[in-house]
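Peer 1: Below you'll find the structure I mean.
Just so it is clear, none of the values below were taken in a lab; they were calculated from the coordinates. Quantities reported herein were computed from a predicted structural model and do not represent experimental measurements. All Cβ positions, glycine included, derive from the backbone under ideal geometry; neighbour counts span all protein chains shown.
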Amino acid sequence: MSKQWIFVGLVVAGVAAGATVLTRVGSEVARVEVGATAPDFHAVDLATGDSVTLHQRYRGKVTLVNIWATWCEPCKIEMPAMEEVYRALAPRGFAVAAVSIDEGGPDDVRAFGQGLGLSFDLLQDRSTRIQQIYQTTGVPESFLLNRQGVIVKRIIGAHDWNSPANRALLERLLDEQGS
């Protein structure tokens, strides 16, 4: 009987130790929220085949990070408005980093973008790691960053990025000085 109690004690001690470690590690993970610096990520630029990172490619730009997939109907709905506002504001320093989480080859993602006439950056993260990094709940999910890479707006679901309110926000962000 004493061996059983020793075993129970070891199990309880193990659970307690595991909970302590998870609590400490979990509290060290930075939350991805408005006011926080956007975490870096790696993805493949489908126009060039090069691996790019957020911090390297988009430094100093007002950037819309859009996490999406070709099979996502709401993603298809919001992209024309993203394209329209991108074409209007890109000369002033606005960028769109549209990161597909499609696990298949890049040809389908490229064809999707061509079908919608998209000219902004189409990136792909076949590992879908960006969803963990950005703590997303699904697709589409978008993060608007100022020139310093700080998240100023987070949207879950399809959104009209070319609405008057969003245009005004983007223009204000583009007018701000940044590094």
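Peer 1: Run the Debye formula on the Cα coordinates of region 94-179, all scatterers equal and no solvent, and tell me log10 I(q)/I(0) at q = 0.16 1/Å.
Peer 2: Normalising to I(0) and taking log10 leaves -0.75.
Peer 1: Let me ask something else. Counting only helical runs of four or more DSSP H residues, what would the 222 nm mean residue ellipticity of the chain come to if each run contributes -39,500 (n - 2.57) and the total is spread over all its residues?
Peer 2: Taking each H run of at least 4 residues, the total per residue is -13500 deg cm²/dmol.
Peer 1: Something else now. Local charge sum around I156 (other residues, Cβ-Cβ under 13 Å, Lys/Arg +1, Asp/Glu -1)?
Peer 2: On the way: positive: K153, R154; negative: E33, E78, E141.
With Lys, Arg at +1 and Asp, Glu at -1, the neighbours total -1.
Peer 1: Give me a comma-separated list of calculated 3J(HN,Hα) values for region 37-51, in order, Karplus coefficients 6.51, -1.76, 1.60 applied at θ = phi - 60°, integers in Hz, x for any Gly or Pro.
Peer 2: So the Karplus estimates, Gly and Pro as x, are 6, 5, x, 6, 8, 10, 8, 9, 6, 6, 7, 10, x, 7, 7 Hz.
Peer 1: Still on this structure, please answer the following. Between T48 and I156, what length comes free when the chain is fully extended (0.36 nm per residue of separation minus the Cα-Cα distance, one decimal in nm)?
Peer 2: 36.0 nm
Peer 1: Quick one: which of 30-37, 133-140 comes out on top by average Cβ neighbours within 10 Å, and what's the full order, highest first?
Peer 2: Values: 30-37: 11.1, 133-140: 17.1.
Final packing ranking: 133-140, 30-37.
Peer 1: Could you let me know the centre-to-centre spacing of region 119-178 and region 30-93, using Cα atoms, in angstrom?
Peer 2: 6 Å
Peer 1: Now a separate question. What fraction, in whole percent, of alpha-carbon pairs in region 64-114 exceed 17 Å separation? Let's see the in-between values first.
Peer 2: Working: 459 of 1275 pairs.
It works out to 36 percent of all Cα pairs.
Peer 1: Still on this structure, I have one more. Helix by helix, which DSSP H runs in the chain go 27 Å or more along their axis at the Cα atoms and have an average Kyte-Doolittle hydropathy of 0.0 or more?
Peer 2: 2-28
Peer 1: Let me know the Rg and Dmax you get for the chain when you use only its Cα atoms, in Å.
Peer 2: Final numbers for Rg and Dmax: 20.6, 77 Å.
Peer 1: Hey, with R₀ at 30 Å, roughly what FRET efficiency would A111 and T37 work out to, going by the Cβ-Cβ distance, to 0.05?
Peer 2: Given R0 = 30 Å and the Cβ-Cβ separation, E is 0.30.
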